[in-house]
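Just below is one structure, and these are the notes that go with it.
Values quoted throughout were computed directly from the atomic coordinates according to the rules given, and no laboratory measurement underlies them. Please read all numbers here as calculations on a predicted model, not as lab measurements. Here the Cβ positions follow ideal geometry from the backbone for every residue, glycine too, while neighbour counts run over all protein chains shown.
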Amino acid sequence: MTTADEYLYQILAREAVPNGISSPVRSVQATIMPTLLRWAGNYLLDVSPSGSFAKGTANRSGTDIDLFLSIHESVPNTLNEIYETLFRACAAIQPKRQNVSINVKVGSYDIDLVPGKKQNAMSGDHSLYRRRADTWTKTNVATHIFHVHQGGRQSETRVLKLWRNQKQLDFPSFYLELSVMAALAGRPSSLAANVMQVFTYLRDTFPSARVVDPANTNNVISDDLNAAQRAAIRSAAIAALGASNWNEIVR
């Protein structure tokens, strides 16, 4: 008989995303580079894997890779213009506007492009356009990657991301990653028990928890969802806690 942990690890094995230097997913960066260079020219400082792929929290059935586009601080365009010109430059690869990223299709891969304007040459801080609020925020992608790696909750996070996607919840990935780490702080246990602890946190603490960006405490990540969206996540967590079988929670 399969235990709860075995069931979850089987799902994670099925959903594994190779992230080594020879991963075929990385080939999309070479494919998309001509488009990005036509868009930004000499203002394009760097293109690097970021997000779930770089943090080890990606699943095969989710977005395949996030690419962070570092733009030189001297670019004359506003952050809104940077975002919108990138969207137009990607017209041939099915662009979709998201909050701080633009999703595109490259072959069989879904890619999230995150444009950021570097604040100065001496740091990795960047300004990002936040489309939903029509404003901007400062952040540091390298700090995000380090923070999630240090948290060591990749397996639990991947299970929660599968649950989120399968239940069609609006729950931004970085917000989810930070919530998992908050729920499991100082709690070493089995994978299944830890996932259930996260659901308990989502039921009891999450709706009113203030979650801030570790790279910029003025950037309140929990503001990315309104009360109704947080309530929908809480309701789904309550259903998960009341499920009689794991396959009712995640498949």
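Can you tell me how much longer the chain between residue 143 and residue 96 gets when fully stretched, taken as 0.36 nm per residue apart minus their C-alpha distance, in nm with one decimal?
Contour length minus the Cα-Cα distance gives 14.3 nm.
Which peptide among 236-244, 43-51, 186-194 comes first, and what is the full order, when sorted by highest mean count of other Cβ atoms within 10 Å?
In decreasing order of mean packing, 236-244, 43-51, 186-194 become 43-51, 236-244, 186-194.
Viscosity 1.567 mPa s, temperature 4 °C: give me the Stokes-Einstein translational D for segment 1-89 in µm²/s, with Rh taken as the Kirkwood radius over C-alpha pairs.
Once the numbers are plugged in, D ends up at 84 µm²/s.
Find the eigenvalues of the gyration tensor of the Cα atoms of segment 90-202, then list the square roots of 5 times those eigenvalues as equivalent ellipsoid semi-axes, largest first, in whole angstrom.
28, 20, 13
Tell me, what are the semi-axes, in whole angstrom and largest first, of the equivalent ellipsoid of the chain as set by the roots of 5 times the Cα gyration tensor eigenvalues?
Square roots of five times the eigenvalues give 32, 20, 16 Å.
For residue 73 and residue 1, what is the calculated FRET efficiency with R₀ set at 51 Å and r taken between the beta-carbons, to the nearest 0.05?
0.30
What are the lysines whose alpha-carbon lies under 22 Å from the alpha-carbon of residue 138, with same-chain residues fewer than 8 places away excluded?
Leaving aside lysines fewer than 8 places away in the same chain, those within reach of residue 138 are 55, 117, 118.
Apply the Karplus parameterisation 6.51 cos²θ - 1.76 cosθ + 1.60, with θ equal to phi minus 60°, to every residue of segment 130-136 and state each ³J(HN,Hα) to the nearest whole Hz, in sequence, with x for glycine and proline.
Values, residue by residue: 10, 5, 4, 9, 6, 9, 9 Hz.
Pick out, from 144, 197, 175, the residue whose Cα sits farthest towards the positive end of the charge dipole of segment 117-203, with +1 on the Cβ of Lys and Arg and -1 on the Cβ of Asp and Glu.
Farthest along the dipole direction, towards plus: 175.
List, largest first, the extents of the alpha carbons of segment 85-130 along their principal axes, each in whole Å.
Principal axes ranked by extent give 37, 17, 17 Å for the Cα atoms.
Charges only on Cβ, +1 for Lys and Arg, -1 for Asp and Glu: so what's the dipole of the chain about the Cα centre, in debye to the nearest 20?
260 debye
Trypsin sites (Lys or Arg not before Pro) within segment 45-134: which are DSSP loop residues with at most 15 other Cβ atoms inside 10 Å?
In loop regions of segment 45-134 (DSSP not H, G, I, E or B), the sparsely surrounded trypsin sites (Lys or Arg not before Pro) are 60, 132.
Can you work out ³J(HN,Hα) from phi for every residue in segment 179-187, in order, using Karplus 6.51 cos²θ - 1.76 cosθ + 1.60 and θ = phi - 60°, giving whole Hz and x for Gly and Pro?
Working through the residues one at a time gives 5, 4, 5, 5, 5, 10, 4, x, 10 Hz.
Give me the distance in nm between label points sitting 7 Å out from Cα along the Cα-to-Cβ direction at residue 220 and residue 13, one decimal.
4.5 nm
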